[in-house]
Amino acid sequence: MWAEALAADLASADICVPPKQGLVATDVRYVIDGDSLKLANGQELRIIGINTPEHGDFLADKARQTLKQNLRQGINGGKNSKIKIYRSLGSDKRDSYGRILAHLWLLGDDGRWTSPAINLLEQGLAFHIAIFPNLEYISCYAAAEQQAKTAKRGLWDNWRPLAASSKKLKPGFAFIKGDIVEIIDKGRFGSELIMSGGSIGLWIPAKSYKLFGGKHKLKAFIGQRAVARGWIYRYKDNRRLQLQVSHPAMLDLL
């Protein structure tokens, strides 16, 4: 289902260029890490569609330096350069930390637009993420990641998902692999797909049901082996860890 949608999107024209309206010129004070910036006005910006390694993790410094170099070309492109940095806000404009959520764009003196996020994905310095409702350019980001994955660049060189039954599961971003063995209906809130071992559940919020073809379609996942990506967390007193999957792009069936 997701693969078919990706192919259809990639067949359409101009999907990897910024919107014609809503672009804002952006002054950057400094790069915090591979996916977040401090703007000149003191606000923080989180780049939509990617997640880069945390400070101290493998390739975290390279991701930060690559983004910094990419943006420096926009800030200091040369005396006669027309390169500018722009941002376009997501459908959700802020995250839970109060950071601006936006896509970044560079306009070259040749009139062509480029995306720092796509550049990081193509080099294997970021993973693609799809968080509802900020799904703009999802196909572009997924295609860029696939290039790096196929070539085993960067983070994909020695990539291995954690087993759903692993004792190494802990809060934070991860890829989890296992069989989906049960679905627990949480009513109007959503559904939890329990993975083998019972240590972790994949949370599908009700607002995302339509992206999966409807709530009834989730039953087809039982017995399927899957790799889920996202942030592991513990919800209240739930004995299981959880990982929210708000879009099919975050769940690959094997």
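The values are calculated or read from the model by the stated rules, or taken from the named source; none is laboratory data. What you see is a predicted model; the values in this text were computed from it and never measured. Virtual Cβ from ideal backbone geometry, glycine too; neighbours counted across all protein chains shown.
Highlighted here are the strands (runs of 3 or more DSSP E) found entirely within region 132-249 that include at least 2 residues which are modelled with pLDDT of 95 or more and touching a helix residue (DSSP H, G or I) at 6+ places or on another chain (Cβ under 8 Å): 172-185, 190-195, 225-233. Restricting attention to region 24-53, the residues that are in contact with a helix residue (DSSP H, G or I) (Cβ under 6 Å, 6 or more places away or on another chain) and in a loop (DSSP other than H, G, I, E, B) total 4. Scanning region 54-76 for residues that are at pLDDT 90 or above and outside any helix (DSSP H, G or I) yields GLU54, HIS55, GLY56, ASP57, PHE58, LEU59. Kindly check whether there is at least one residue in region 132-139 that is farther than 25 Å from GLN43 by Cα and not hydrophobic (A, V, I, L, M, F, W, C). There is at least one residue in region 132-139 that is farther than 25 Å from GLN43 by Cα and not hydrophobic (A, V, I, L, M, F, W, C). No other residue among LEU125, LEU101 is of a type in the set (A, V, I, L, M, F, W, C), surrounded by 19 or more Cβ atoms within 10 Å (Cβ to Cβ), in contact with a Lys or Arg (Cβ under 9 Å, 6 or more places away or on another chain) and not in a strand (DSSP E or B) apart from LEU125.
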